[in-house]
Amino acid sequence: MGDYKQLEVWQLAHHLACRIHGATQAMPTGFAELRDQLRRASLSIPTNLAEGSGRWKDADFARYVNIAIGSAAEVESLLLFAGEAEAIGAPLGQELLGDAIRVRQMLARLRAALQKRK
């Protein structure tokens, strides 16, 4: 597949994971499990893209893209909960949620493109 760092979706997913890591540092006590799960799920997105891009076949890469899509949906759900539980402030939470949705949509387009190449 080539250099995963050149993929726009990887760049946005990496940036999202970094921002979520920073945002969760300020979470109130009592949200340790949410903080840890949000960090793991967000980091799973660019990590799966990186691992999948190193595979020889598009079908293998598509499998990792599917995992990344699942992680992106998980991040969305966790961010919605974090917002309602007031674990992350509204403006930042909404911005992160918008980025997570954008990443998931980009991943869906990447998956579709990989399926067409079969």
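The table below lists the values:
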read-out	value
Note, ³J(HN,Hα) from phi for segment 50-60, Karplus 6.51, -1.76, 1.60, rounded to Hz, x at Gly and Pro	5, 5, x, 5, x, 7, 6, 9, 4, 4, 5
Solvent-accessible heavy-atom area per residue, rounded to whole Å², over the chain at 1.4 Å	56
Intensity falloff of the chain expressed as log10 I(q)/I(0), Debye formula with alpha-carbon point scatterers, at q = 0.16, 0.18 Å⁻¹	-0.68, -0.82
Carbon/sulfur fraction of accessible area - the chain, other protein chains in place, 1.4 Å, %	53
Extension gain from ARG102 to ASP3, taking 0.36 nm per residue of separation minus the Cα-Cα distance	33.5 nm
Net length gained if the chain between GLN11 and ARG40 were fully extended (0.36 nm per residue, minus Cα distance)	8.7 nm
At most 15 other Cβ within 10 Å, DSSP loop - trypsin sites (Lys or Arg not before Pro), segment 37-111	ARG55, LYS57
Under Karplus coefficients 6.51, -1.76 and 1.60, residue-wise ³J(HN,Hα) of segment 32-41 in Hz, glycine/proline x	4, 5, 4, 4, 5, 5, 5, 5, 4, 5
Coil-residue chymotrypsin sites (Phe, Trp or Tyr not before Pro) of segment 7-82, DSSP, other Cβ within 10 Å capped at 13	TRP56
Rounded to whole Hz, the Karplus (6.51, -1.76, 1.60) HN-Hα couplings of segment 44-49, x for glycine and proline	5, 5, x, 5, 5, 5
Neighbourhood charge, 14 Å Cβ-Cβ cut-off, centred on LEU97 and excluding it, Lys, Arg +1 and Asp, Glu -1	-2
Length gained when the stretch GLU84-ASP60 is fully extended (0.36 nm per residue, less Cα-Cα span)	4.9 nm
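The values are calculated or read from the model by the stated rules, or taken from the named source; none is laboratory data. Remember, it's a predicted structure, so these values are computed and weren't measured experimentally. Quick reminder, even Gly has a Cβ in these numbers, built from the backbone with ideal geometry, and neighbours come from all protein chains shown. Surface areas here come from the heavy atoms of the whole protein model, side chains and all, with no ligands, DNA or RNA. Shrake-Rupley method; radii C 1.70, N 1.55, O 1.52, S 1.80 Å.
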